[in-house]
Amino acid sequence: MAAMDVFLDRLDPDMCVVTAAAHGERAGCLVGFSSQCSIRPVRYVVWISDANRTFRVARSADVLAVHLLARDQRRTAELFGGLTGDDVDKFRRVRWREAYGGAAVLADAEAWFVGRVVERTAGGDHVGFVLEPVEWGGRERAAGQDAGPLLRLADARTVRPGHPVD
């Protein structure tokens, strides 16, 4: 694996928070593996660890919400990446609203979308959820105010996972 680290260590992807709601439960986690995976039709894939609570809720969900965070939203990243929903109700600590299909959308996210799950695919210790966007939005800004930089992997490296990664 050391040879592959030369490649992987160069990556610095945007981080996102993925939330899921199903059967009266809500869950969310910090995700470092995600990408647009189709142009026409537009599709986006998020990879969720099969070891965490968000996966257990997401596998029954019809829709997931994907949120981009600004670099200055580290506390939100620590909440969703460093604590487990098995022990903490994360949604009591953030502003959120119910959106399309019962999705939980974080009110302070830089940008977000709700996607209908069109496919689930195994990929090692993560499961890919291929999403068809059905609703989207983002933080409103005053005229002339630019968006700041997004939270990236390098910004979140010190967040200790709320569940085992091995």
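Restricting attention to segment 29-36, does a residue exist that is of a type in the set (Ser, Thr, Tyr) and either touching a helix residue (DSSP H, G or I) at 6+ places or on another chain (Cβ under 8 Å) or part of a loop (DSSP other than H, G, I, E, B) (or both)? Before the answer, list the steps.
Our first condition is that a residue be of a type in the set (Ser, Thr, Tyr); within segment 29-36, this holds for 34-35.
Right, trim to either touching a helix residue (DSSP H, G or I) at 6+ places or on another chain (Cβ under 8 Å) or part of a loop (DSSP other than H, G, I, E, B) (or both) and you get none.
There is no residue in segment 29-36 that is of a type in the set (Ser, Thr, Tyr) and either touching a helix residue (DSSP H, G or I) at 6+ places or on another chain (Cβ under 8 Å) or part of a loop (DSSP other than H, G, I, E, B) (or both).
Within segment 17-38, residues that are more than 16 Å from Ala58 (Cα to Cα) sit with their Cβ atoms under 7 Å from residues that are of a type in the set (A, V, I, L, M), at 6+ positions apart or across chains, in these pairs: Gly32/Met15; Gly32/Leu153; Ser35/Val45; Cys37/Val45; Cys37/Val130.
The one condition from (1) touching a residue at least 24 places away in the same chain (Cβ under 8 Å); (2) more than 13 Å from Ala27 (Cα to Cα); (3) surrounded by fewer than 21 Cβ atoms within 10 Å (Cβ to Cβ) that Ala122 does not meet is (1). Would a scan of segment 7-20 turn up a residue that is over 13 Å from the mean Cα position of the chain (by Cα), surrounded by 13 or more Cβ atoms within 10 Å (Cβ to Cβ) and of a type in the set (A, V, I, L, M, F, W, C)? The answer is no, given that none of the residues of segment 7-20 is over 13 Å from the mean Cα position of the chain (by Cα), surrounded by 13 or more Cβ atoms within 10 Å (Cβ to Cβ) and of a type in the set (A, V, I, L, M, F, W, C). Only one of the numbered conditions (1) in contact with a helix residue (DSSP H, G or I) (Cβ under 7 Å, 6 or more places away or on another chain); (2) over 25 Å from Val130 (Cβ atoms); (3) in contact (Cβ under 8 Å) with a residue 24 or more places away in the chain is violated by Glu78, and that is (1).
Contact annotation: residue pairs with Cβ atoms under 8 Å, 6 or more positions apart or on different chains, pairing a residue in segment 83-102 that is on the phi > 0 side of the Ramachandran plot and open to solvent by 30 Å² or more (accessible area, probe 1.4 Å) with a partner that is modelled with pLDDT of 95 or more and acidic (Asp, Glu), are Gly101/Asp62.
Conditions (1) at pLDDT 95 or above; (2) closer than 15 Å to Ala27 by Cα; (3) charged (D, E, K, R), marked per residue:
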residue	(1), (2), (3)
Arg74	no, no, yes
Gly85	no, yes, no
Ala147	no, no, no
Arg157	no, no, yes
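On inspection, Val45 qualifies as of a type outside the set (Gly, Ala, Ser) and more than 20 Å from Asp155 (Cα to Cα).
Scanning segment 73-87 for residues that are of a type in the set (Gly, Ala, Ser) and either within 12 Å of Val18 (Cα to Cα) or in contact with a Phe, Trp or Tyr (Cβ under 8 Å, 6 or more places away or on another chain) (or both) turns up at least one hit. Scanning segment 30-71 for residues that are open to solvent by 10 Å² or more (accessible area, probe 1.4 Å), within 19 Å of Asp89 (Cβ to Cβ) and not charged (D, E, K, R) yields a count of 4.
Looking only at segment 88-105, count how many residues are of a type in the set (A, V, I, L, M) and more than 12 Å from Ala61 (Cβ to Cβ). Selection size over segment 88-105: 4.
The values are calculated or read from the model by the stated rules, or taken from the named source; none is laboratory data. Fair warning: this is a prediction, and the values are worked out from it, not measured in the lab. Note: ideal-geometry Cβ built from the backbone for every residue, glycine included; neighbour counts use all protein chains shown. Accessible surface is based on the protein model in full, side chains and every heavy atom, while ligands, DNA and RNA are left aside. Shrake-Rupley method; radii C 1.70, N 1.55, O 1.52, S 1.80 Å.
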